[in-house]
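These notes concern the structure reproduced below.
The values are calculated or read from the model by the stated rules, or taken from the named source; none is laboratory data. The structure displayed is predicted, hence computed values, not measured ones. Using ideal geometry, Cβ is built from the backbone for each residue, glycine included, and neighbour counts are taken over all protein chains shown. Heavy atoms of the whole protein, side chains included, go into the accessibility calculation; ligands, DNA and RNA do not. Shrake-Rupley method; radii C 1.70, N 1.55, O 1.52, S 1.80 Å.
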Amino acid sequence: MSTLFPYPSGVVTPETETYLLLDSTQDFLFAAKRFIDLTEHPGKDAFAYCQQVRPLLTQLYAAGLHLQPIPKTDVEDADDIEDPAFHNIGILLSDLGINTYYWEAYNPLITAMEEPELGLGWLADDLQDIYEDLKRELHVIKQARTSAEVEMACRTLHLGFQGHWGNHCVNALRALHYLRRDK
């Protein structure tokens, strides 16, 4: 079976290989790789990057929704794999200036009688956190020496969608929706 995203063959257990070959897993890994590739080669125009990244974030979020948790197996603990070098998205977006900041409600699900707690969001931070979370775990999957390393990376990607990079993705999409060159 061909895959859209390579993993270390001969390293993973049959259960982990089955998980990696799921369409939902491959769709997610492919969407994550497309986001990383664009972010690492964004061109010189920050506004154009933002227009290109918006549909990729939409695909990434949709793929994250369908990403299943990886079944726990009885493999040994994962070893640490050195993190790759990270791209600095803040530098790329710096020429957008004030447009990279936005207001957000920390909890958008409040009752009509509650006062929302507002905060200042930063598009560069959102994109940077998404990039770093995905880049680190995809690097681990690609460089893995054991099935435990692959499993831990897959588990971290799934949990990160639920609690970290998924939140940044939603916030970034909202900010990108309102970003216009004519403002």
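Restricting things to alpha carbons, find the Rg to Rh ratio for the chain using the Kirkwood radius for Rh.
Radius of gyration over Kirkwood radius for the chain works out to 1.02.
Considering amide H positions built from the backbone, and no H for Pro or chain starts, which residues 5 or more places from Gly121, or on another chain, come under 5 Å of its amide H?
Tyr102, Trp103, Glu104
Stretched out fully, how many nm does the piece from Leu118 to Thr73 gain, at 0.36 nm a residue minus the Cα gap? Numbers along the way, then the final one.
Numbers: separation 45, 0.36 × 45 = 16.20 nm, distance 4.20 nm.
Once the chain is fully extended between Leu118 and Thr73, it gains 12.0 nm.
Not counting ligands, DNA or RNA, and with a 1.4 Å probe, what is Thr18's accessible surface area in Å² rounded to the nearest 10?
Approximately 90 Å² for this residue.
Give me the one-decimal nm value for the distance between modelled label points at Ala48 and Asp95, 7 Å along each residue's Cα-to-Cβ direction.
Output for this residue pair reads 1.0 nm.
Quick one: with all protein chains in place, what share of the accessible area of region 87-183 is carbon or sulfur, to the nearest percent (1.4 Å probe)? Working shown, then result.
Working: 3050 of 5440 Å².
After summing per-atom areas, the C and S share lands at 56 percent.
Given a 1.4 Å probe, how much area per residue of the chain is accessible, in Å²?
Solvent-accessible surface per residue comes out at 57 Å².
Taking only DSSP H segments of four or more residues, each worth -39500 (n - 2.57), what value at 222 nm results for the chain once the sum is divided by all its residues, to the nearest 500 deg cm²/dmol?
Rounded to the nearest 500, it is -18500 deg cm²/dmol.
So if I place +1 on the C-beta of Lys and Arg and -1 on the C-beta of Asp and Glu, and nothing else carries charge, what would the dipole magnitude of region 24-183 be about its Cα centre? I want it in debye, nearest 20.
Values: 14 positive and 25 negative charges, 164 e Å.
Computed charge dipole of region 24-183: roughly 780 debye.
For region 85-183, what's the relative contact order in percent, using C-alpha pairs closer than 8 Å and at least 6 residues apart?
27
Across region 19-28, in residue order, what do the Karplus-derived ³J(HN,Hα) couplings come to in whole Hz, using 6.51 cos²θ - 1.76 cosθ + 1.60 with θ = phi - 60° and x for Gly and Pro?
My calculation for region 19-28 gives 5, 5, 8, 4, 4, 5, 5, 4, 4, 5 Hz in order.
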